[in-house]
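Derivation of every value follows stated rules applied to the coordinates shown; laboratory data play no part. Just so it is clear, the structure is predicted and the values come from calculations on it, not from any experiment. Here the Cβ positions follow ideal geometry from the backbone for every residue, glycine too, while neighbour counts run over all protein chains shown.
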Amino acid sequence: MNNFVSPDLYPAAPEIFLLAMACGILLIDLFLTQSRRWITAALTHATLIGCALITIFTFNDQVVLTFSNMFVDDALSDVLKLLVYGSVAVMLVYTRGYLRDRGLDKGEFYLLVLFATLGMMVMISAAHFLTLYLGLELLSLSLYALVALDRDSPRATEAAMKYFVLGALASGLLLYGMSMLYGATGTLEIGGVAQALYHGSAVGTVMIFGLVFVVAGIAFKLGAVPFHMWIPDVYHGAPTAITLFIGSAPKLAAFAMAMRLLVYGMFDLAEQWQTMLMIMAVLSIAVGNLAAIAQTNIKRMLAYSAISHMGFMLLGLMSGVAGERPDPSMVVNAYSSAFYYTVAYVLMSLGSFGVILLLSRVGYEAENLEDFKGLNKRSPWFAFIMMVLMFSMAGVPFFVGFFAKFSVLLAAIGAGYLWVAIVAVMFSLVGAFYYLRIVKLMYFDAPTDAAPIVASMDMRVLLSVNGLAVALLGIFPQGIMALCTQTLMRSL
Amino acid sequence: MSSHLLSLAIWVPIAGALVVLATGERNTNLSRWLALVTAILGFLVTLPLYSGFDHTTSDMQFSEALPWIQRFNIGYLLGVDGISVLFILLNSFITILVVIAGWKVIEEKVAQYMAAFLIMSGLMNGIFSALDAVLFYVFFEASLIPMYLIIGVWGGPNRVYAAFKFFLYTLLGSLLMLVALIYLFFESGGSFSILEWHALPLGMTAQILLFLAFLIAFAVKVPMWPVHTWLPDAHVEAPTGGSVVLAAIMLKLGAYGFLRFSLPIAPDASHELSGMMITLSLIAVVYIGFVALVQADMKKLVAYSSISHMGFVTLGFFIFNQLGLEGALVQMISHGFVSAAMFLCIGVVYDRMHSRQIADYGGVVNTMPKYAAFFMLFSMANAGLPATSGFVGEFMVVLGAVKYNFWIGFAAATTLILGAAYTLWMYKRVVFGAVANKHVAELTDLSSRELLVMAALAVCVLWMGLYPFPVTDVMHVSVDHLLKHVAASKLL
């Protein structure tokens with residue numbers, strides 16, 4: 001490289017805006033007293049809205065690479081980023097009261113959330129192993145710190161420690177895998193790796209070794225069995241507000257990472273990674289659903305449920321290529337089913353942790369299943385919302401979770417994995433049990449706690465909208481399904 | 001012919017239920033009256049389905065077709081033929097009775113109770129009129145939710161166990177059906193239209209596997225021996241209204257599924273496996289008849305008698321002749337009235353004495369003569385006495401069975417003895433004899449509200465027993481068509 005070419009900054013405009021704003025907020029927050037903390041919150045929301053506007057106005061159909069092919073802006077990245085902004089914004093609204101009650105709504109929280117968001121955006125737009133890794137680390141480090149936000153809580157610090165150690169290990173695995181891929185192909189660009197594989201110029205065995213490590217890294221981020229150990233502990237240990245964050249937007253980023261590495265980068269090795277994903281998917285669905293039954297803490301239960309949901313997502317992801325000549329429409333179907341599943345899951349996850357936050361109040365964490373007893377008596381409307389969310393997670397129609405499962409199963413059966421699909425539905429029958437148990441506690445049992453439910457108006461409204469969206473998107477799933485398909489068709 | 005009658009039949013009760021829910025629990029009388037108005041309105045909109053029904057064609061009538069999820073070619077396809085139209089009427093009619101029957105008895109969460117029944121009524125109309133497999137499935141599974149709540153919230157002491165058993169048992173069946181539906185989607189080249197599947201040629205192995213997948217779904221619902229064990233639990237624990245809907249309509253869904261899916265989609269497998277089906281049906285008829293004989297709990301006795309009667313229905317399906325099939329359908333309608341009436345009769349005394357044990361009663365006739373008279377009529381109908389509706393169906397099925405094979409007919413005919421034995425013996429122990437204890441002595445006879453419900457059912461039972469032509473006439477052409485369709489092989 002003999003002359004420096006200034007990179008095209010335009011595709012990265014949202015990231016640049018967010019970074020600038022984050023630095024600004026960092027400074028402004030220093031001069032704010034606790035009673036004026038709402039200014040930080042408002043600025044954070046404004047930043048997210050600004051990012052959304054920039055993303056929308058810079059939206060284009062083409063795949064644009066910049067920063068020497070390290071950064072990509074395509075339809076998939078734009079749509080995913082918009083979803084990330086949305087879920088982060090919803091998260092901020094849900095968590096505000098909870099954090100304020102516990103004295104946790106410090107400036108650090110907002111900044112860490114913003115940097116985590118930036119990390120997710122970089123991951124989503126990564127076209128290069130290093131970019132991806134940088135984004136991943138930015139996200140992970142922010143999350144470690146967020147988990148330990150309540151620094152006086154031994155459980156939270158323990159969870160943060162566990163998360164950090166295991167996360168560092170997973171990052172190491174990923175990095176090691178990437179280095180092998182570099183050795184096998186001579187490039188760190190995701191597109192370059194794909195080219196090398198396509199032309200058959202990659203070194204076979206090393207490539208497979210690298211793939212195994214990369215898949216392990218992805219599985220860790222998703223929380224798929226056997227790399228799921230951190231999920232229950234972190235979900236349980238972290239303050240509920242942070243659990244809500246970890247359980248929502250980062251799943252979108254992890255989906256993007258899986259898409260970029262496996263589908264964009266190593267499509268020609270699909271046969272190899274499909275088998276790995278299949279084993280992980282089946283194990284995740286099985287372990288997640290079985291272990292969730294034994295939980296008495298709802299955060300842990302939802303953690304195991306998250307594991308099983310990610311198993312379903314992987315089931316969609318692995319169904320893309322079938323047989324000798326993959327049918328392009330089936331390939332898009334499979335990936336868009338995984339995409340749709342992730343979006344549906346994030347929506348349900350936001351809602352269900354939102355309800356937990358709603359039931360928590362000063363000095364009291366609504367963490368145990370028992371705390372849901374008789375919710376129908378205390379608040380019929382939010383009991384209804386929670387019921388919708390639980391049935392949706394169980395995959396019962398008319399809710400969004402049903403069509404997510406449906407499209408994944410359709411993709412799997414279309415790719416010839418009939419038996420895998422049967423195993424998956426049998427375990428989701430097992431899963432139905434613990435979701436039903438929540439409904440049972442809310443509706444069949446008498447309340448043990450008569451305290452009224454206190455929550456700000458914006459949270460009530462947003463939570464209601466969230467619950468209704470889960471129901472309405474189940475009745476009219478067409479729009480969001482088409483969105484997923486269109487996005488992938490434009491960026492594949 | 002385009003009309004919106006079926007959509008109205010589905011959505012009027014559901015919309016009414018939402019209004020009832022919105023009125024909340026403060027004004028229970030308003031909830032009750034709104035529910036009654038909705039139920040009556042729901043019944044009125046189904047009446048034109050009968051009056052406008054063309055008896056000369058086996059085509060689907062009152063069809064509606066709208067695209068729903070274009071990506072998978074799923075449509076909002078509705079239509080009824082002679083087989084399904086009567087069930088919609090029956091369902092809407094029974095809903096009115098259920099609303100009236102729960103008028104005074106239910107004092108807690110009245111609005112939710114009424115809404116659950118109305119929503120279920122709408123969903124079940126959807127099941128009977130769906131011509132798209134996914135739409136069918138969605139209604140089929142969604143109808144579990146209100147029933148789960150009805151059993152769990154307003155049920156007896158062991159209601160939680162019964163509600164879970166009911167939900168998980170039925171979900172087990174339907175999940176395998178979902179896999180079968182997706183499989184058929186691919187076999188048919190991308191269609192979920194049930195009518196297109198009827199014409200789809202399939203190999204024998206595929207047919208048998210599909211038949212078995214459907215069998216699990218529908219056998220659980222019917223329920224057939226040996227997957228019937230959820231029914232006695234559900235019936236015993238459910239409130240009276242729940243038992244009525246369960247027996248009168250929900251059990252019919254399984255039987256209807258055989259006619260809509262199993263027989264026409266896999267006719268060769270149906271013939272191949274008819275021996276097994278007949279055996280299972282006969283076991284249900286005879287063995288369960290004996291089981292009913294020894295029950296000490298009235299509701300359990302009627303629950304077992306329902307299983308036995310439904311065994312008659314499945315027997316009628318799998319002997320493949322006009323008499324058998326029409327008899328089975330008549331039996332289904334008749335059982336809808338008779339079992340509803342039996343459960344209501346039990347409900348009447350249960351509301352007064354809070355016991356369902358036969359041993360707690362005796363000499364009820366002395367204090368409740370009007371009640372005894374109605375109970376007599378319905379018991380006779382349950383036993384299959386000529387001139388009641390119970391006789392017509394059973395007689396037709398027995399005739400058909402004798403035509404098919406004398407010994408099968410012979411075994412089936414034992415139900416006339418067994419049915420009479422267990423029903424009348426129970427009747428004798430409950431109603432006749434000296435007044436057993438002071439609780440019985442304090443009983444008051446039917447209120448005018450109860451009298452109204454009983455009289456309505458009595459008219460139906462007698463009318464169908466004396467002049468079943470209006471019922472058989474509607475179904476005749478469709479049954480004929482179905483039999484011709486099933487007789488023709490669709491092997492590849």
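Odds and ends about this structure:
- Spatial separation of Cα centroids for the stretch A:48-104 and the stretch B:379-447, in angstrom: 68
- The residues packed around residue B:338, meaning those with a beta-carbon under 14 Å from its beta-carbon, carry a net charge of 0 if Lys and Arg are +1 and Asp and Glu are -1.
- Relative protection proxy for B:429-440, A:481-492, from highest mean packing down: A:481-492, B:429-440 (other beta-carbon atoms within 10 angstrom).
- The residue among A:444, A:335, A:304 whose Cα reaches farthest toward the positive pole of the charge dipole of the stretch A:267-492, with charges on the beta-carbon of Lys, Arg, Asp and Glu, is A:444.
- When both the stretch A:334-404 and the stretch B:13-86 are represented by their alpha-carbon centers, they are found 29 Å apart.
- Charge dipole (Cα centre; +1 on Lys/Arg Cβ, -1 on Asp/Glu Cβ; no other charges) of the stretch A:267-492 amounts to roughly 440 debye.
- Per-peptide packing, taken as the mean over residues of other Cβ atoms within 10 Å, places B:126-136, B:5-15 in the sequence B:126-136, B:5-15 from highest down.
- Average Cα contact separation per residue, the stretch A:1-265, under 8 Å, 6 or more apart, as relative contact order %: 19
- Around the Cα centre of the protein assembly as shown, unit charges on the Cβ atoms of Lys, Arg, Asp and Glu (plus for the first two, minus for the last two) sum to a dipole of about 1840 debye.
- Pairs of Cα atoms nearer than 8 Å and 6+ residues apart set the relative contact order; for the stretch A:310-453 it is 33 percent.
- Charge sum, other residues only, whose C-beta stays under 11 Å from residue B:53's C-beta, Lys/Arg counted +1 and Asp/Glu -1: -3
- Computed about the Cα centre, the dipole magnitude for the stretch A:1-265 is approximately 540 debye when only Lys and Arg (+1) and Asp and Glu (-1) carry charge, each at its Cβ.
- When only Cα pairs below 8 angstrom with a gap of at least 6 residues are kept, chain A shows a relative contact order of 15 percent.
- Averaged over the residues of peptide B:175-181, the number of Cβ atoms from other protein chains lying within 10 Å of each residue's Cβ is 6.
- Reported to the nearest whole Å, the Cα centre-to-centre distance from the stretch A:205-259 to the stretch A:105-162 is 13.
- Modelled label reach - residue B:491, point 7 Å along Cα→Cβ, the stretch B:261-304 residues with backbone N closer than 11 Å: B:268-269, B:272
- Entries in B:104/B:299; A:440/B:104; B:252/B:403; B:300/B:438; B:104/B:370; B:104/B:165 that, when Cα-Cα distance is taken, lie over 23 Å: A:440/B:104; B:252/B:403; B:300/B:438; B:104/B:165
- The lysines within cross-link reach of residue A:162, meaning a Cα-to-Cα straight distance under 25 Å and a gap of 8 or more places when in the same chain, are A:106, A:221, A:251, A:299.
- Under 20 Å from the Cα of residue A:377 - aspartates and glutamates, other chains or at least 8 residues apart: A:365, A:367, A:445, A:449, B:25, B:107, B:108
- CD proxy at 222 nm, helix term only [per DSSP H run n ≥ 4: -39500 (n - 2.57); per residue of chain B; nearest 500]: -24000 deg cm²/dmol
- Efficiency of FRET from Cβ geometry, residue A:472 and residue A:134, R₀ 41 Å, rounded to 0.05: 0.60
- Note on residue A:81: aspartates and glutamates with a C-alpha under 19 Å away, same-chain residues under 8 apart excluded, are A:15, A:61, A:73, A:137.
- Legend: mean number of C-beta atoms from other chains within 10 angstrom of residue C-beta atoms, peptide A:370-381, equals 1.
- Local electrostatic count, residue A:243, Cβ distance below 13 Å [Lys/Arg +1, Asp/Glu -1]: 0
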